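The values are calculated or read from the model by the stated rules, or taken from the named source; none is laboratory data. Since the model is a prediction, treat every value here as computed from it, not as a measurement. Every residue, glycine among them, receives a Cβ derived from its backbone with ideal geometry; neighbour counts consider all protein chains shown. With ligands, DNA and RNA removed, areas are computed over all heavy atoms of the protein, side chains included. Shrake-Rupley method; radii C 1.70, N 1.55, O 1.52, S 1.80 Å.
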Amino acid sequence: MKILVINAGSSSLKYQLIDLDHSSVIAKGICERIGIPGSMISYKSAKGDKYEKQQDMKNHEDAIAMVLEVLADPEIGVIKNMSEIDAVGHRVLHGGEKLYDPILIDDEVLKAIEDCIPLGPLHNPANLMGIRGCMAVMPGVPMVAVFDTGWGMAMEKSHYMYALPYEAYENYKVRRYGFHGTSHRYVTGRALELLGNPNAKVITCHLGNGSSVSCSKAGKCVDTSMGLTPLEGLPMGTRCGDMDPAIVTYLMERLNLDKKGIDNYLNKKSGVLGISGVSSDFRDLEEAANNGNERAQLALDTFCYKVKKYIGAYAAALGGVDAIVFTAGVGENDRGVREKVLSGLEYLGVDVDFDFNNSCPRGEEVEISKPTSRVKVFVIPTDEEMMIARDTAALTAK
Ligand code: AMP
């Protein structure tokens, strides 16, 4: 079965064609600057063919048409024609309280995704453009929506409520939803398989440009660090994460910021970039810190302390932990961050082989805890696209 997985942003569209029979990526790429002068498509196939072309793309429909053209190109393509694509899986950010499990897209689902735009004002409109573009160019091909918020919907009410007047929840759906759901679900599933225990208690640390920690029992989310929006939780590349909510009005007054201004301040100028003044990229931070930059070191220390704090909190929430998983750009690659987060957790039963942590291969699933460690620690490369492809196949195979 061949599944096209689409992750549409407002001016970009990432795509992967996945052969589920072999669990492999046949081709992938990105369309950029959609609707902006200088639009561009890039493409890479598993056979090693590469392609980059500047081509006008007025909208997402044009972008999908370009994707199909290159996938079926007689020289560098990987399919003969569009009919080889069995279904399309779309990543959708916010499903609100009504949409959580992967679902076959019809008019009612499109309307429900539209209704969630106030909760995901940047992403949901872009996701819809991707879906509608695909529907226009691929009529009759089944489409499935997979929600980033789906994982967090298993949380108990007492775990997702904010202590605000109840009307904020009832009337405006203000509650914790959580994000990175497909990633947490994928790596949790892998951890349960590696442990050989489907009922295990697992803490997953998705540390990338956006970061979140989640915890689960028997593959069901118990808690997750992001909230109504992806701003809550850990400090991130440029997002502030948890803070005293009174800071919002205090800084609006001191810095004379309006709604848009404070939104930009907390989402784009904060996080490890804000603390360090160096970069949002952990590679730059590690380099600067190694060269004696104290604020870069402070940003790394603040980040790691917060991840550790969430692990402790989630171990308490779960009543113990069987495995801790690191994933995403920082979690998979930054050995220094892993070491700092994991040191001092012996009281929890975590016994890490720090030499191996420093030398283990990148891009592979590895166990970095000692064989005798009560809590297993894994590095598991995330694969949200494969998860979306599997969800899509499960709904459309019949
Ligand atoms: P993601 O959002 O999962 O794509 O992660 C992107 C982030 O991963 C980048 O911004 C970097 O901060 C981080 N990253 C990628 N490679 C490395 C590396 N070798 N060492 C440290 N951080 C890395």
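For region 282-345, which fully contained helices (runs of 4 or more DSSP H) count at least 1 residues that are at negative phi, away from the ligand (no atom under 15 Å from the Cβ) and open to solvent by 10 Å² or more (accessible area, probe 1.4 Å)?
Per the criteria, 294-318.
Can you pull out every residue in region 262-281 that is without any contact (Cβ under 8 Å) to a residue 24 or more places away in the chain and either open to solvent by 20 Å² or more (accessible area, probe 1.4 Å) or closer than 16 Å to Arg338 by Cβ (or both)?
Scanning region 262-281 gives Asp263, Asn264, Tyr265, Gly277, Val278.
Given the options Val202, Val187, Val222, Val213, name the one that is more than 16 Å from the ligand (Cβ to nearest atom), farther than 17 Å from Gly274 by Cα and surrounded by 23 or more Cβ atoms within 10 Å (Cβ to Cβ). Reasoning before the result, please.
On the way: Val187 fails: more than 16 Å from the ligand (Cβ to nearest atom); Val222 fails: surrounded by 23 or more Cβ atoms within 10 Å (Cβ to Cβ); Val213 fails: more than 16 Å from the ligand (Cβ to nearest atom).
Answer to the check: Val202.
Please state which of the following conditions Glu365 fails to meet, knowing it meets all the rest: (1) out of contact with any strand residue (DSSP E or B) (no Cβ under 8 Å at 6 or more places or on another chain); (2) closer than 19 Å to Glu193 by Cα; (3) open to solvent by 60 Å² or more (accessible area, probe 1.4 Å).
(1)
Determine whether region 34-50 contains at least one residue that is in contact (Cβ under 8 Å) with a residue 60 or more places away in the chain, open to solvent by less than 50 Å² (accessible area, probe 1.4 Å) and of a type in the set (S, T, N, Q).
no
Table: residues versus (1) over 23 Å from Ala316 (Cβ atoms); (2) assigned to a helix (DSSP H, G or I); (3) in contact with a Lys or Arg (Cβ under 9 Å, 6 or more places away or on another chain).
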position: Leu194; (1), (2), (3): yes, yes, yes
position: His206; (1), (2), (3): no, no, no
position: Gly227; (1), (2), (3): no, no, yes
position: Gly233; (1), (2), (3): no, no, yes
position: Met236; (1), (2), (3): yes, no, no
position: Leu251; (1), (2), (3): yes, yes, no
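Any residue at all in region 233-254 that is of a type in the set (Ser, Thr, Tyr) and farther than 26 Å from Val325 by Cα?
Applying the first criterion (of a type in the set (Ser, Thr, Tyr)) to region 233-254 yields 238, 249-250.
Filter again for farther than 26 Å from Val325 by Cα, leaving 249-250.
Yes, region 233-254 has at least one match.
Give all pairs with beta carbons closer than 8 Å in which a residue from region 375-390 that is open to solvent by 40 Å² or more (accessible area, probe 1.4 Å) and among the charged types (D, E, K, R) meets a residue that is at pLDDT 95 or above and in a loop (DSSP other than H, G, I, E, B); count only pairs at least 6 apart in sequence or on separate chains.
Close Cβ pairs (under 8 Å, with a partner that is at pLDDT 95 or above and in a loop (DSSP other than H, G, I, E, B)) amount to Lys376/Asp322; Arg390/Leu20.
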